Amino acid sequence: MQDKNDLARKIGSRVKNLRKAARLTQKRLAEATGLSSGLLSRIENGLTMPSIPTLQMIANALKADVGYFFREEKEKGYVVTKPGDRRIVVSRSGSRRKVAYELELLAEGMQNPFMEPAIVTHVGKETEVEPRIHDGQEFMYVLEGRIKLTLGSTELVLKKGNAVYWNGNLPHKGISVGPRPAKALHIHLIPGRWTGTFQYEDLPGRELEKRKTKGTKGRRQKALERR
């Protein structure tokens, strides 16, 4: 049986894809359905499970069959993700449940995956991040900044371009070193098992909207600079 959160994300992704194919903004779709832009945004990002009447209004506006949002698709054998469309989640640590890592999921939607790749931003403070262990193995490649990686009793300070590969049963944690949070490509692998090992939750809706707005402004600025 499909997990409710997975179903909400699948429905949201299909709503977004249909809206973009129809060349409609969220505001225009909101006007056509009578729904608020905020609700549509939460639905598209998989943060809210819409009711059947709500989905019917969306389907009518997009000239689609409401069953399309639930229909199973044949497995393609691959998945393609693009910047700006990928889900950003957080992983918490410690007794106070502070955010230790922010993850941009690179291959969400792949059926029966054996590995789980993500771009991880190391945001937690030294005193707030606890070492963790998991099944399988993990690979890390530093993309930006410097990271102090603890592997058991060993501490390594890694810079851009450094890579490390370790067994997941070795207690480990990563902390940014420097004024800005560091980023790294992380890949979790559990041979012979269809599961991932990252423990995460969705980024709060308000923070997600802030990131999307920031990303849109950044892309506009780059476009202006290229002119």
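The values are calculated or read from the model by the stated rules, or taken from the named source; none is laboratory data. Since we're looking at a predicted model, the values are computed, not measured. So basically every Cβ, Gly included, is an ideal-geometry build from the backbone, and we count neighbours across all protein chains shown.
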query = Among the residues of segment 122-140, is there at least one that is of a type in the set (Lys, Arg), in a strand (DSSP E or B) and modelled with pLDDT of 95 or more?
reply = no
query = What single numbered condition from (1) at pLDDT below 90; (2) loosely packed, with under 15 Cβ neighbours inside 10 Å fails to hold for THR154?
reply = (1)
task = Identify all residues within segment 31-45 that are within 19 Å of ALA21 (Cα to Cα), of a type in the set (Gly, Ala, Ser) and within 24 Å of the chain's Cα centre (by Cα); write none if there are none.
result = SER37, SER41
request  = Say whether the condition of being assigned to a loop (DSSP other than H, G, I, E, B), under 20 Å from ILE190 (Cβ atoms) and either touching a residue at least 24 places away in the same chain (Cβ under 8 Å) or outside the structural domain of ALA184 (by TED's automatic domain parsing) (or both) is met by at least one residue in segment 90-103.
outcome  = no
remark   = Being touching a Pro at 6+ places or on another chain (Cβ under 7 Å) and crowded, with 18+ Cβ neighbours inside 10 Å narrows ILE58, ILE43 down to just ILE43
ask   = Right, LYS76: closer than 30 Å to VAL120 by Cβ and either assigned by TED's automatic domain parsing to the domain that holds VAL120 or modelled with pLDDT of 90 or more (or both) or not?
value = no
ask   = Of these, TYR101, TYR141, TYR165, TYR78, which one is more than 30 Å from ILE58 (Cα to Cα), of a type outside the set (Gly, Ala, Ser) and exposed (fewer than 13 other Cβ atoms within 10 Å of the Cβ)?
value = TYR165
